[in-house]
Every structure is written in C-alpha cells, then in structure tokens.
Amino acid sequence: LHRVGLGLGNFDPIDSGHLNRLVNLMSRVEPRLVSNHLCWNARDGRYCNDLLPLSYTEEAPRHVAEPTVRVQEVRGRRTPVENVPSYLEFGYAGMSEWALPGGLGERVDGGILLDVNNICINACTHSPEDLECAAAVGPDRVEQIHLAVHTRREFQDGSVLPVDTHDPPVCAETWKLHLEAVRRLRFRSTPIEWDVHLPPPWTLEGEAGTADRILEGCHVRVG
Amino acid sequence: MFELAELQSRCSAALQNPGTYEQTDVMDLTPVQCFRLESIARSDHLADAFGQTRVDHPGRDLATGLANFVRLGVLTKG
C-alpha cells in the first residue's frame, strides 16, 4: 500500500479522517507493506497534490519524526518512506538529501523505500552528486526498491527536464542504477511503477525478466 | 535561512498565487529548470482515485501558477 497524500512533512496536523480511512483500508486489504513519501503537500489548509521536497536541514528529520511515529503506531510496524523526485530546491541546505531519510530512520527506527528512478531524476535536475549520496543509504533500512521511468522533456533552449511520468519502459540509466542498488543491497522486493498507458502483459514480463537477469548477474538468490 | 514552517508557507503561497511571488519574498526558493506540470494533472486524477482529502483549487489554476512561478524564477534567477 503506497501512500501519496499523507504529507508526513506537513505542519498542518494529519487529517484524522484521512488516517481513519487508511486504517480501514489496511484492515480490508491487509497489505504486506505500507509506505509513504518523505515530502510535504499542504500548508495552512491548502493542499497541493504533489510531492514537495523538504529542506535539507537538521530541522526536517526532527519535524517528520512525530507524524511518522504516529503512522507507524497505527500500522503497528515500520512504514518506510520513499525519496521523492524534486523539481525545486531551497536556498539553504545544511546536509545532503540522503541525510534526511537516514536521520529520520535513526530517530524512529524507520525504513526506507529506495526509488532509483527518483534518484536519476534528482541527479539530472540538481546534481550528479546525488547518485553518490544515495550510495550512503544504510542497507539495513532499505525495505523495498522502486523502479519506474521518467520521460525526458526537451525545451526550445535545449534544456532537458526529466518528468516522473511512470509511463514508458524503464530506461537504461535507471536499470544501471538498479544494478548498483542490487549489488549493494542484494535482494529487495522491487515493483515497477507504471501508472498510465498500461502495456500488454508480455511487455511487463519483459521488464520483470530484465530485473531477474540483474539479480542472476549479481548472483542474488530471491528469498 | 527560514525555518521549515515559514519556508512551506512562502512556497505554498507562491504556488497558489501567481503574480505575487515577489511580494511573498518567495525568491528565497531556487527553482531548478521547471516543475513537472504534467504531474499536476496526473495527481488530480490520483486525488480522485485515492479519495484524497481536500483540493481547494482546480488543478489547472495551480498548473498555471506553477508555470508563472517557474517563468519568473527563470527570468530573475537565471
């Protein structure tokens, strides 16, 4: 069960009705994993249906800890948080992007959902150094890997924006990063996110086959 | 440097009020290239599908606001 609207980084309190519906849904479907995005999406009662990044400061993991603990208490176990794709960055950053989930994980004994596609997007949008920072993620905290793809949108001035479309097949650079993740983390359950223009089953089977070959190439046994 | 709450307030105000970014001093935010405007429309769809709590503004207005924000940011921040 992968949440997109909880807004763990919000200053507005978590909507109790929203949380109750989550509880009801969990009781109905009994998900193996419940995850959220490490982001904010509302302020002063105004909601933006997007995954807005938190500032990379010492304050951020402190702030997100309390709502994360609350959700984990509702869930009764870890609810890992996912690194988000970001299209803006704030003027001041006292630490790297990856110190945020790492710091949060230590505070609340929380897990991380590693989205390698979002790493690719942020590396392209902000700085290639993000790839190196991602390597610092504590392996023990990573509970799942997400694969998806971004669409490269080109503008008239020649600039390129990677858009997190979850639409076409996984691209070469995301597969390359996934290979690095598997080498480091070994096996983690790995869904491929495909939101629109769903392909025929054999296309998805092909993607799954590529993921399997990466595991085999790294001599990783599924278990 | 703003505290997180203040930063989110300024960012939220900027995203929802195109044309007022300078007044809200939002240029402490550094827009990088562009926002994913397509995702705004997509997230509206997700809001329906997942029963998200509240959407106080039409997505297209927000997309316009984002576009103006980005345009202003590119012009003034280079």
Open item on the list: Within region A:162-192, take every residue that is under 16 Å from A:Asn122 (Cβ atoms) and acidic (Asp, Glu) and give me the one that is farthest from the other protein chains (Cβ to nearest Cβ).
Closed with: A:Glu180
Open item on the list: Being in a loop (DSSP other than H, G, I, E, B), open to solvent by 60 Å² or more (accessible area, probe 1.4 Å) and more than 11 Å from every other protein chain (Cβ to nearest Cβ) narrows it down to one residue among A:Arg70, A:Arg78; which is it?
Closed with: A:Arg78
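Of everything in region A:94-134 that's out of contact with any helix residue (DSSP H, G or I) (no Cβ under 7 Å at 6 or more places or on another chain) and in a loop (DSSP other than H, G, I, E, B), which residue is modelled with the highest pLDDT?
Residues of region A:94-134 out of contact with any helix residue (DSSP H, G or I) (no Cβ under 7 Å at 6 or more places or on another chain): A:94-95, A:99, A:101-102, A:106, A:109, A:113, A:115, A:118, A:121, A:124-129, A:132-133.
Filter once more, keeping what is in a loop (DSSP other than H, G, I, E, B): A:94-95, A:109, A:126-128.
Values: A:Gly94: 81, A:Met95: 85, A:Asp109: 90, A:His126: 75, A:Ser127: 73, A:Pro128: 74.
Per the stated criteria, the residue is A:Asp109.
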Task: Count of region A:13-47 residues which are assigned to a loop (DSSP other than H, G, I, E, B), within 12 Å of chain B (Cβ to nearest Cβ) and buried (at least 17 other Cβ atoms within 10 Å of the Cβ) - done: 3
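Please verify whether A:Glu59 is within 14 Å of another protein chain (Cβ to nearest Cβ) and open to solvent by 50 Å² or more (accessible area, probe 1.4 Å), treating the condition exactly as stated.
Values: within 14 Å of another protein chain (Cβ to nearest Cβ): yes; open to solvent by 50 Å² or more (accessible area, probe 1.4 Å): no.
No: the conditions fail for A:Glu59.
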TODO: Return the residue satisfying two criteria in turn: it lies in region A:81-95 and is small (Gly, Ala, Ser) and open to solvent by 10 Å² or more (accessible area, probe 1.4 Å), and of such residues it is nearest to the other protein chains (Cβ to nearest Cβ).
DONE: A:Gly91
Open item on the list: I need the full set of residues from region A:187-222 which are open to solvent by 70 Å² or more (accessible area, probe 1.4 Å) and at pLDDT 85 or above, in order please.
Closed with: A:Pro201, A:Trp202, A:Leu204, A:Glu205, A:Asp212, A:Arg213, A:Glu216
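The values are calculated or read from the model by the stated rules, or taken from the named source; none is laboratory data. If you're wondering where the values come from, they're calculated on a predicted model, not measured in any experiment. Please note: Cβ atoms are built from the backbone with ideal geometry, for glycine as well, and neighbour counts cover all protein chains shown. Side chains are part of the model used for accessible areas, which takes the heavy atoms of the whole protein and leaves out ligands, DNA and RNA. Shrake-Rupley method; radii C 1.70, N 1.55, O 1.52, S 1.80 Å.
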